[in-house]
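Every number in this text was worked out from the coordinates using simple rules, so none of it is lab data. Computed from a predicted model, the values in this text were never measured in an experiment. Positions of Cβ are generated from backbone atoms using ideal geometry, with glycine treated the same way; all protein chains shown enter the neighbour counts.
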Amino acid sequence: MDLGVGALPALNSVGHVAHCRRCLDGLPASLVEMDASRMAIAFYCLGTLDLTGSAERKISTTDRENWTEWIWAQYVGKPLRSRQRFIRLTPRLRRRLSLGSVRGPSTDGPHLIMTYCALLALAVLRDDYAALDRPALARMVGACQDADGGFATTPGAGDADLRMTYCAFVVCALLDDWSCIDLARALSYIHRCRSYEGGYGQTPRGESLGGPTYCALAALHLVPAEHARTPRARLQPVEWRATVRWLLQTQSGGGFAGRTNKVPDACYGFWCGAALSILGAGDLLDAHALGAFLARCQYKFGGISKAPGEHPDPYHTYLSIAAAAIVSPDPKWELQPLDPLINATLDTARWAKTHVRVTAPES
Amino acid sequence: MSAPTADDTTEHVFYAERPEWADVVPVVQYENIQPLAPIFYSPEYKDATDYFRGVVKIGEKSLRVLQLTETIIRLNPAHYSAWQYRYETLIAISAPLQPELVLSNTLTKASPKTYQVWHHRRLLLTALGDPAPELAFNEEVLKADAKNYHTWSHRQWLLAHFDQENLWADELPFIDGLLEDDVRNNSAWHHRFFVSFERGSNDDKDEAEAIVKRELAFAKEKIALAPNNSSAWNYLRGILDHSRVPYSTQAIFARQYIVDTVEPRGNDILDLENPPPSEGAELPCAAAIEFMADVHEASGNEGISEAVELWRSLADTHDTIRKRYWEYRIRNAVATTGKA
Ligand SMILES: [Zn+2]
């Protein structure tokens with residue numbers, strides 16, 4: 001392997017921003033499977049603009065107003081099901097939640113992942129969350145938690161995995177309110193996802209995988225110090241060693257593979273790189289080799305793909321740039337510093353923390 | 001791919017043109033708002049989802065809703081609201097679930113990487129309570145992609161959820177077959193760990209010990225065939241960690257893999273507990289060097305210098321991409337013993 005420490009190719013930030021702008025303006029019919037996760041695409045595209053320092057310059061006042069309005073339209077919504085729902089609580093669901101129980105798959109349930117994406121997209125747009133009903137948001141997160149400690153996408157859906165645990169923990173951290181969830185059970189769920197390889201599976205007893213490993217570690221480290229005394233809110237030394245070892249082992253051919261014996265994929269540069277950074281071991285990976293791999297995944301007309309020679313998409317574009325923001329493979333790749341726990345630039349994460357937080361106690 | 005319809009053999013008719021749907025008022029997605037990342041929907045998708053919103057608005061749960069949601073799901077298998085509403089409708093009208101499972105077979109094979117497809121299947125199997133045929137179906141899906149994460153998760157859920165003796169019975173031979181096809185299939189190795197060690201609490205100490213012995217032998221046999229295989233080494237380590245057996249118990253085995261070339265076997269009796277590398281194996285094996293370094297480190301002060309030497313060889317020659325990590329291991333070990 002070429003371990004030359006020469007300069008890396010340039011990061012085509014202008015092209016990547018243009019790719020994300022195009023996606024924000026519209027996606028072809030062939031991407032219809034993205035329909036239910038367009039809030040996530042919005043988050044990745046706006047996040048790319050933010051990381052490259054283009055959010056101020058590339059978003060006009062009109063766009064900012066229109067986009068903010070669209071995101072909030074998914075919140076208040078109309079009295080019918082739109083697929084982009086996030087924290088929308090209809091009066092009926094609100095009554096059911098205040099009763100404290102939600103039975104069976106709900107038809108009006110909010111979606112935890114889209115809620116996370118919407119809150120962060122709004123932070124990039126520097127929205128003030130004036131329309132946010134914080135107690136209702138906290139109740140919604142609580143309602144998504146299952147008896148075994150995991151979190152479902154919507155209350156009662158029964159489809160829990162670590163992605164939603166992570167999103168729930170971010171919302172708790174932003175609200176600065178951990179009373180809405182059963183933290184001990186949530187931590188126990190996370191630990192049941194740990195596998196013998198040292199990583200975490202998507203669900204309990206699953207194979208070690210980069211994405212859920214990031215979700216587990218970020219979630220554990222989001223728990224504030226006063227709750228960290230809760231048994232097992234951090235890794236034991238023996239667990240730390242095994243996890244760092246496994247994460248580093250998946251670096252192969254420059255990029256990270258995400259699973260043992262798989263081929264590298266650009267997105268795992270973030271999932272594994274950010275996980276290492278959270279564990280305080282970010283300096284142990286080969287940043288130059290990762291940067292070289294990510295550079296090769298750049299598409300000539302802008303955007304970044306999962307592997308060299310493939311077509312780009314907002315998900316791999318954002319996560320590759322976020323990975324680069326964490327490991328800084330080349331000083332010429334000028335990027336905004338990233339908060340690896342919230343997965344947003346430091347400024348945006350700070351904005352979200354100060355503006356989502358419940359300021360006055362509920363009367 | 002052309003837009004498939006609920007019935008592939010007939011021409012697609014828009015819901016707006018079907019007389020039997022004339023009583024439903026379609027609801028369009030946007031009014032006077034500029035959406036983020038809008039999708040330029042196909043006319044079929046737009047038509048069907050407009051009617052879906054119309055149906056949900058009036059809360060209708062009927063046979064024709066099954067037809068409508070099937071149209072949407074075939075166009076977009078990740079449409080979780082359509083899946084959710086479909087399942088609620090199936091239950092509300094007491095529709096037979098067996099035909100739904102048959103339909104799910106087709107949809108699962110068509111979109112094996114979509115979360116919702118598998119979740120729906122899980123709901124159906126839970127309601128039907130007959131898991132036995134599912135293993136064969138799962139195997140069929142794995143044939144197309146032996147490392148599909150969803151397929152494996154589903155299999156593990158099935159085994160753990162129903163926890164029936166007949167379900168577990170043939171898992172090991174099944175995994176043997178997959179590892180014979182591809183000894184580096186980490187999903188199969190993971191499944192083997194799940195089946196051997198995570199099936200539930202094992203109170204029988206003798207049986208637990210026998211399983212550890214059997215699995216150690218299995219891992220070592222596979223390492224002998226192809227030494228540079230992280231999956232097999234991780235499995236070996238996993239067994240030792242899980243059963244709290246020191247790595248040093250495997251030193252005789254691992255040491256054979258840190259040399260530069262396969263040693264000529266001569267007329268020695270083959271040590272079955274410590275199979276040597278197969279002829280032509282690429283040596284030295286980085287995973288074995290790492291393993292031996294761990295053995296030396298655990299042995300305390302006098303072992304550290306040997307461990308350091310092995311880590312050095314990884315950092316400089318055999319595993320240079322992890323150079324910083326191996327140097328960290330050296331610093332860490334030296335600092336720890338310095339304190340001791
Ligand atoms: Zn990827």
Practice problem: Just subtract the alpha-carbon distance of A:VAL238 and A:VAL14 from 0.36 nm times their residue separation and send over the number in nm, one decimal. | Solution: 76.3 nm
Quiz item: So what is log10(I(q)/I(0)) for the stretch B:1-95 at q = 0.14, 0.24 1/Å, when the Debye sum runs over its Cα atoms only?
Solution: -0.51, -1.43
Quiz prompt | Of A:LYS300/B:LYS143; B:LYS147/B:LYS222; A:LYS300/A:LYS332; B:LYS147/B:LYS220, pairs whose Cα-Cα distance is over 26 Å | solution = A:LYS300/B:LYS143
Quiz item: Could you state the per residue volume, in Å³, of the convex hull enclosing the Cα atoms of chain B?
Solution: 231
Quiz item: Over the stretch B:1-95, what is the relative contact order in whole percent, taking alpha-carbon pairs under 8 Å and six or more residues apart?
Solution: 31
Quiz item: In chain B, which whole DSSP H runs stretch at least 15 Å along their own axis (Cα) and average -0.5 or higher on the Kyte-Doolittle scale?
Solution: B:63-75, B:80-92, B:97-110, B:115-128, B:134-144, B:171-181, B:186-197, B:205-225, B:230-243, B:286-298
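So what's the back-of-envelope 222 nm ellipticity for chain B, counting only DSSP H runs of four-plus at -39500 (n - 2.57) apiece and dividing by all residues, rounded to 500? Before the final figure, lay out each step's value.
Details: 16 runs with 205 residues, N = 340.
Counting only the DSSP helices, I get -19000 deg cm²/dmol.
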Practice problem: Scan around B:VAL27 for amide H atoms under 5 Å from its own, H built in the peptide plane at 1.01 Å from N, and keep only partners 5 or more places away or cross-chain. | Solution: B:TYR51, B:ARG53, B:GLY54
Quiz prompt | Pair B:ARG244, B:ASP170: separation of 7 Å Cα→Cβ label points (nm) | solution = 3.8
Self-check item: Using θ = phi - 60° and Karplus 6.51 cos²θ - 1.76 cosθ + 1.60, couplings along the stretch B:13-20 (whole Hz; Gly, Pro as x)
Solution: 10, 4, 4, 5, 9, 8, x, 5
Practice problem: Please give every one of the aspartates and glutamates within straight-line cross-link reach of B:LYS57, meaning a C-alpha to C-alpha distance under 14 Å, and leave out same-chain neighbours fewer than 8 residues apart. | Solution: A:ASP108, B:ASP23
Quiz prompt | Pairwise label distance in nanometres, B:GLU273 with B:ASP181, each label 7 Å out on the Cα-Cβ vector | solution = 3.6
Quiz prompt | Span from the the stretch A:50-69 Cα centroid across to the the stretch A:271-294 one, whole angstrom | solution = 29
Quiz item: Any idea what the dipole of the protein assembly as shown comes to, in debye rounded to 20, about its Cα centre with Lys/Arg Cβ at +1 and Asp/Glu Cβ at -1?
Solution: 2140
Quiz prompt | Among B:TYR80, B:ASN185, B:TYR115 the positive-end extreme of the charge dipole of the protein assembly as shown (Cβ point charges) | solution = B:TYR80
Quiz item: If amide H atoms are built 1.01 Å from N in the plane of the peptide, which residues on other chains or at least 5 residues away come under 5 Å of the amide H of A:TYR299?
Solution: A:ILE304, A:SER305
Quiz item: For the stretch A:246-363, what number results from the quotient of the Cα radius of gyration and 2.2 N^0.38 Å?
Solution: 1.17
